[in-house]
1. Beyond 30 Å between alpha-carbons counts as too far, so tell me which of K202/K389; K389/K440; K211/K389; K152/K401 fall in that bin.
2. Could you sort the peptides 121-127, 145-151 by per-residue average Cβ neighbour count (10 Å cutoff), highest mean leading?
3. With N set to the residue count of the stretch 303-361, report its C-alpha Rg divided by 2.2 N^0.38 Å to two decimal places.
4. Which distance in nm do the two modelled labels at R120 and Q35 give, with both placed 7 Å along the Cα-to-Cβ direction?
5. Going highest first, how would you order 165-172, 283-290 by mean Cβ packing within 10 Å?
6. Given R₀ = 25 Å, what would the calculated FRET efficiency be for M155 paired with R189, taking r from the Cβ atoms and rounding to 0.05?
7. So how do S422, S23 rank on accessible area, 1.4 Å probe, biggest first, that is with the largest at the start?
8. To the nearest 10 square angstrom, how much accessible area does Y318 have with a 1.4 angstrom probe?
Amino acid sequence: MLNLELQLKQTQKIVMTQELRQSLAILQMNSAELQEFVEKEAEENPTLDVEAKENTDWEKYIRDIRDNAFRKTYDETENSEYNPENFVAGKVTLYEHMEHELSFLELDETERIIAEDIVRQLDEDGYFRLPIEQYCKRSHVTFEEFEKIIRKIQMTEPIGLGARNLQEALFLQLQAKGCKDDILFQIIREDLELLANRKFCKLIKKYHISKSELSEYIDEIRSLEPRPGRNFSADEIIYIIPDVYVEIKDDKVEVTFNEYSVPTLTIPSMYQKILLQKEDEGTKDYIKKRLNRAEFVIQSIEQRKNTIIHIATEIVKYQKDFFVKSDGHIIPMLMKDIAQTTGFHESTVSRTVNGKYMMTSKGIFEFREFFSTRIDGEEGMEYSSLFAKQELKDFIETENKKFPLSDQKIVQLLEEKGIFISRRTVTKYREELGIPASSKRKELRS
């Protein structure tokens, strides 16, 4: 018999309003994204003003930077004195560089137009990867014209630009060096895959050469540039604006917010006067909506600032030894640890630490770098996964490259230091660090 009955059940449910979603999105933005967001808001909302930081004490700002971890970066450059222009100057694009290089080539007007179009088709590595037949048909260029012009492009600097594939890029560089070694050319043409997989015995047998001769060929190939356009790649410029500064004063750690990292917003008073003077309800309603939006954006940015400071302060407290002691290392810390001490939800912590940076005496760190899982050690000791990764990296950096360490051997070495993790975990950490397996780290024995 079917029994129907009604039951009341109380549950907790978070309703995500549009404003809450927007507020969380603002929290998650890094400094550059926030600046872009604010500029767009100001364009669309006349009641929102972005205040220029005209009263910024730039001398103090530069002194602050020179006295912290950035100084090491500056001192290692050619100019030991800090020069802000070194860090904001625009980078020449590959196309801009090639426009300059083409001006030195002997090309008639038609050839120059074709050459400029070919250059526009180069990818960020400097390669021409389009099917030649397809390109010639689309551009109404004969194969002979294409070959003649791309050969001229390939004569420009850096050598290798305009190559159709890796082999051609390497050939061009060897030819520019005056190399005429047929075996080297054949290895590049036919056996780069064997080389990449360290099948040295097969190469020695195929070409009837000694280990030392193969080693010389390998060194020669390694000296070549596989990505001729690398220096013009746009994704190599990364600007990091620290959100907070961490300073040590009398063995105490202080966290201060970087006010330069966020725009200052204001609501012009003229709109309040207009609201009082205007009688047209349509106009008043429009201004009210714009003012409400402006107020929301300003409050959300202020809330973002307070959340960043609160979470950064708790991270620094938790990791105090790392900041204060010269030999201090990052200890295991989970996001739920910071959530418990701050009272924020774990998802709020996650949103906050993503893309936010702190400037410290030990360098610049993304907040997220301080979070890691716990690993068991001897006598109840706990280590962070970051610490284990650093130990793993140190082992590999100092290994005998002729007999590289296997993952199982690294497990044993970590155990000797009182760190207990499985071979599978070692493999995972090694791959996260971008370190190849031992078989691919092996170097030739002479």
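The values are calculated or read from the model by the stated rules, or taken from the named source; none is laboratory data. Bear in mind that the values here come from a model prediction, so they are computed numbers and not experimental data. All Cβ positions, even for glycine, are placed from backbone atoms using ideal geometry, and neighbour counts span all protein chains on display. SASA here: full protein model, heavy atoms, side chains in, ligands and nucleic acids out. Shrake-Rupley method; radii C 1.70, N 1.55, O 1.52, S 1.80 Å.
1. Cα-Cα > 30 Å for K202/K389; K211/K389; K152/K401; rest within.
2. 121-127, 145-151
3. Numbers: Rg = 11.6 Å, N = 59, 2.2 N^0.38 = 10.4 Å.
The value comes to 1.12.
4. Here the answer is 3.0 nm between the modelled labels.
5. On the way: 165-172: 18.6, 283-290: 13.8.
With the highest mean Cβ count within 10 Å placed first, the list reads 165-172, 283-290.
6. 0.75
7. The ordering from most to least exposed comes out as S422, S23.
8. 80 Å²
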